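Trainee: Have a look at this one before I ask anything.
Derivation of every value follows stated rules applied to the coordinates shown; laboratory data play no part. Quick caveat: nothing in here was measured; it's all calculated off a predicted structure. Using ideal geometry, Cβ is built from the backbone for each residue, glycine included, and neighbour counts are taken over all protein chains shown.
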Amino acid sequence: MKPQSISNRYIKLEDLRNLLMSKFGAGNFKIHERENGYEITVPEVLEEVSV
């Protein structure tokens, strides 16, 4: 699993959750809210164009 930080400036939590659910499936990612964004743990590194 690869940890990544994503700004909340361009994507809402619900949209991010839906994106990760469609890409990796339930239970295959984690999202932690931070002050300026989200810390996600996913099976592979996401490219900016994916988000």
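Trainee: Take the chain, mark every one of the trypsin sites (Lys or Arg not before Pro) that falls in a DSSP loop and has at most 10 other Cβ within 10 Å, then report the longest stretch left between them, sites excluded.
Mentor: 13-51
Trainee: If you place +1 on the Cβ of every Lys and Arg and -1 on the Cβ of every Asp and Glu, how big does the dipole about the Cα centre of the chain come out, in debye to the nearest 20?
Mentor: 100
Trainee: So for the pair K30, S7, with labels modelled 7 Å out along Cα→Cβ, what separation do we get in nm?
Mentor: Label-label distance for K30 and S7, simple model: 2.6 nm.
Trainee: What's the angle, to the nearest 10 degrees (0 to 90), between helix 13-24's Cα axis and the longest principal axis of the chain?
Mentor: That helix lies at roughly 20 degrees to the long axis.
Trainee: Report, in deg cm²/dmol and to the nearest 500, the calculated mean residue ellipticity at 222 nm for the chain, where each DSSP H run with n ≥ 4 adds -39500 (n - 2.57) and the sum is divided by the residue count.
Mentor: So the helix-based figure for the chain works out to -7500 deg cm²/dmol.
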